[in-house]
Amino acid sequence: LMGHIPLLLKPDSQDALVVGLGSGVTVGSVLRHPGITHVDVVEISPEVVTVARDYFDQVNDHALADSRVRLAVEDAKSFLRVTPRKYDVIVTEPSNPWMAGVAAVFSQEYYADARDRLKPGGLVAQWLQVYETNDRIVDTVVNTFSSVFPQVGIWQVGAGDLVLIGSMNPLTPDLAAMGRRFEDPVVRADLARVGFSRLQDLLMQELIPHGDAAYLPETFPETPIHSDFHPVLEYAAQRAFFERAGATKVFVLSEPRQTRPRMLLNQKVRPDQLTADDFAAVGDLFRSSSIPDPPVFRSQVRRWLDLGTTNLEPLRLLVALD
């Protein structure tokens, strides 16, 4: 989903940058989108490259062997400073910020360099975990990201994973174009691997609409900005990791609990037009992958019950959630 969501939001993309190779699955998903002609991949650990190539080729579509891919084994901050290329989409998914040195690629300066490497209308997608952290850490990352990108939205890409989508200008996705891209056989097959069979199911993963995420840290007015010269995240993230807590505020404030019109789902399908089949599809997704987040899904199941369905499945799901 780290690869698919930004490319569905900007389906005319041609050039992409992926920071953090991991298993290579994100790169493979990016390459499935028609129109992509070039992907730079930056990975600091040569051992990760070896593992991705030797052990994960079958699940990443042999991404590193694709002629459109250029691999750079180096530090992402250095790469962004020296590359002359500009990108439609930058996907940045380093390791957790509590790991030594990783907070440097969550800094204001890093985001500013990424911004400078975007083409007009480009997007940056930043991964962030909500496990082994707390709300103050998430607020700090959102506050830092929003200090560079004035337009930010938040999506859920895993039971404990978020993606922040940042842009310099308001984003008005073309839902018809998103639907056509979703139905591309190669893209659709990849999304089916993680339980998404329809665009509206994926749209339910939008937690906070684009342009609204900057308010998230405002409940803590003293939330700092993490920078190379004031590296607060470097230490606070490690402390949160050892406390073994979790961040919850983003879900409490998330839009899927409401029926607000700015949600892309509500622009595609009016809330009062959602059918029992729509909610049943989300139930299948929840059972297979624990997405969406249980509190958000609970509200969706209750909306399913409001339809007056005679199906007992929403009651079973509510019992399982409780």
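So, in segment 102-131, how many residues would count as being within 24 Å of Asp75 (Cβ to Cβ), more than 14 Å from the chain's Cα centre (by Cα) and at pLDDT below 95?
Of segment 102-131, the ones within 24 Å of Asp75 (Cβ to Cβ) are 102-119, 122-129.
Then keep just the ones that are more than 14 Å from the chain's Cα centre (by Cα); that gives 102-119, 122.
Checking the rest, the ones that are also at pLDDT below 95 come to 102-104.
Residues in segment 102-131 being within 24 Å of Asp75 (Cβ to Cβ), more than 14 Å from the chain's Cα centre (by Cα) and at pLDDT below 95: 3 in total.
Check Arg239, Arg257, Arg262 and return the single one that is at pLDDT 80 or above and open to solvent by 70 Å² or more (accessible area, probe 1.4 Å).
Details: Arg257 fails: at pLDDT 80 or above; Arg262 fails: at pLDDT 80 or above.
From the options Arg239, Arg257, Arg262, the qualifying one is Arg239.
For every residue, the table says whether it meets (1) at pLDDT 90 or above; (2) aromatic (Phe, Trp, Tyr); (3) surrounded by 22 or more Cβ atoms within 10 Å (Cβ to Cβ).
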{"position": "Arg188", "(1), (2), (3)": "yes, no, no"}
{"position": "Ser197", "(1), (2), (3)": "no, no, no"}
{"position": "Asp201", "(1), (2), (3)": "no, no, no"}
{"position": "Met204", "(1), (2), (3)": "no, no, yes"}
{"position": "Leu207", "(1), (2), (3)": "no, no, yes"}
{"position": "Tyr215", "(1), (2), (3)": "no, yes, no"}
{"position": "Pro224", "(1), (2), (3)": "yes, no, no"}
{"position": "Ser227", "(1), (2), (3)": "yes, no, no"}
{"position": "Leu233", "(1), (2), (3)": "yes, no, yes"}
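Is one or more of the residues making up segment 268-287 surrounded by 15 or more Cβ atoms within 10 Å (Cβ to Cβ), at pLDDT below 70 and not hydrophobic (A, V, I, L, M, F, W, C)?
The answer is no; no qualifying residue exists.
If I ask for residues that are in contact (Cβ under 8 Å) with a residue 60 or more places away in the chain and part of a loop (DSSP other than H, G, I, E, B), which ones from segment 87-118 would you list?
Passing the criteria: Glu93, Pro94, Ser95, Asn96, Pro97, Trp98, Ser107, Arg117.
Can you spot a residue in segment 292-311 that is within 25 Å of Leu1 (Cα to Cα), hydroxyl-bearing (Ser, Thr, Tyr) and at pLDDT below 70?
If we filter segment 292-311 for residues that are within 25 Å of Leu1 (Cα to Cα), which is where we start, we get 292-301.
When the remaining residues are screened for being hydroxyl-bearing (Ser, Thr, Tyr), the result is 299.
Subsequent filtering for residues that are at pLDDT below 70 retains none.
No, segment 292-311 contains no residue that is within 25 Å of Leu1 (Cα to Cα), hydroxyl-bearing (Ser, Thr, Tyr) and at pLDDT below 70.
Within segment 14-30, count every residue that is within 17 Å of the chain's Cα centre (by Cα) and within 25 Å of Leu199 (Cβ to Cβ).
Taking segment 14-30 and keeping what is within 17 Å of the chain's Cα centre (by Cα), we get 16-30.
Still in the list and also within 25 Å of Leu199 (Cβ to Cβ): 16, 18, 25-30.
Here the count works out to 8.
What are the residues in segment 5-20 that are outside any strand (DSSP E or B), open to solvent by 10 Å² or more (accessible area, probe 1.4 Å) and touching a strand residue (DSSP E or B) at 6+ places or on another chain (Cβ under 8 Å), if any? Write out each step before concluding.
First, the residues of segment 5-20 that are outside any strand (DSSP E or B): 5-14, 20.
Add one more test, that the residue is open to solvent by 10 Å² or more (accessible area, probe 1.4 Å), and what stays is 9-12, 14, 20.
Across segment 5-20, the qualifying residues are Leu9, Lys10, Asp12, Gln14, Gly20.
The values are calculated or read from the model by the stated rules, or taken from the named source; none is laboratory data. Note that the structure is predicted; figures quoted are calculated from it, not measured. Glycine also receives a Cβ, built like all others from the backbone with ideal geometry; neighbour counts cover every protein chain displayed. Each accessible area value is taken on the protein alone, full model and side chains, heavy atoms only, with ligands, DNA and RNA left out. Shrake-Rupley method; radii C 1.70, N 1.55, O 1.52, S 1.80 Å.
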